[in-house]
Amino acid sequence: MKSILVIGIGRFGRHLSRKLIELGNEVMIVDKDEEKLVELLPLATSAQIGDCTKEEVLRSLGISNFDLCFVCVGSNFQNSLEITSLLKDLGAKYVVSKASRDIHVKFLLRNGADEVADPERYLAEKIGIRYSADKLFDYFELTKDVGIYEIPPVESWIGKSIKEVNFRVRYHISILATKVGDKILPLPSADHIFKAHEHLMVMGHYNDIEKILRKIN
């Protein structure tokens, strides 16, 4: 469990806060618009109305007590820069700032952000890869070239074991888990038999995954 500050409760900040709370973290939410806080008041550990571009407002929050600070002020880039810089000046341990354009990333990093999140770009890239391949159920990027992919088994594998297919050597990717409905079997053994109705959670280079997807009807 972490102590987390989320500044800016717009669409992104609201969804982020909900997920952080769901995962068991202590979350303080802050926005200068009281109406944006109302929906999360029953869920958040605490809430504060205030303009975080003002140093005295941030100072009153006890910034150094938080494990992580999110700056989700995407509509006003100048405000985002100012808040990011002030957070670091006040002893923030780790700051993640939201960006809406590529040029924002560079400036936010220069102004103290430890990490920059660009949710629109991330989602666009994920959707692009997801829908360019007919048999790719889901995708999670690890690096520019490597990711985790959810795919069906190739028809010729069905009824054979991972060992019989010689999966790792032949395809240069690793099977992290198999999935049937909502049930997931992590790290299947070499004796696991491929089934027609299961999904495979695999990790590897996209070029290697693409070769497998071409084999799926």
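The values are calculated or read from the model by the stated rules, or taken from the named source; none is laboratory data. Everything quoted here is computed from the prediction, not taken from an experiment. Note: ideal-geometry Cβ built from the backbone for every residue, glycine included; neighbour counts use all protein chains shown.
A few points about this structure:
- Just one residue in the set Tyr139, Tyr149 is surrounded by 18 or more Cβ atoms within 10 Å (Cβ to Cβ), modelled with pLDDT under 90, touching a strand residue (DSSP E or B) at 6+ places or on another chain (Cβ under 6 Å) and not charged (D, E, K, R); that residue is Tyr139.
- Restricting Ser161, Ser156 to residues that are more than 24 Å from His15 (Cα to Cα), loosely packed, with under 14 Cβ neighbours inside 10 Å and among the hydroxyl-bearing types (Ser, Thr, Tyr) narrows the list to Ser156.
- For the stretch 86-99, filtering for residues that are surrounded by 17 or more Cβ atoms within 10 Å (Cβ to Cβ) and either under 21 Å from the mean Cα position of the chain (by Cα) or assigned to a helix (DSSP H, G or I) (or both) leaves 8.
- Test: residue in the stretch 107-125 that is among the small types (Gly, Ala, Ser), surrounded by 22 or more Cβ atoms within 10 Å (Cβ to Cβ), in contact (Cβ under 8 Å) with a residue 40 or more places away in the chain and assigned to a loop (DSSP other than H, G, I, E, B): yes
- Taken over the stretch 32-53, the criterion of being out of contact with any strand residue (DSSP E or B) (no Cβ under 7 Å at 6 or more places or on another chain) and either hydroxyl-bearing (Ser, Thr, Tyr) or under 17 Å from Val95 (Cα atoms) (or both) is satisfied by Thr53 alone.
- Inter-residue pairs, beta-carbon under 8 Å, first in contact (Cβ under 8 Å) with a residue 40 or more places away in the chain and in the stretch 93-104, second among the aromatic types (Phe, Trp, Tyr), 6+ apart: Lys98/Phe12; Lys98/Phe70
- Selection count where residues are outside any helix (DSSP H, G or I) and in contact (Cβ under 8 Å) with a residue 24 or more places away in the chain, scope the stretch 1-26: 12
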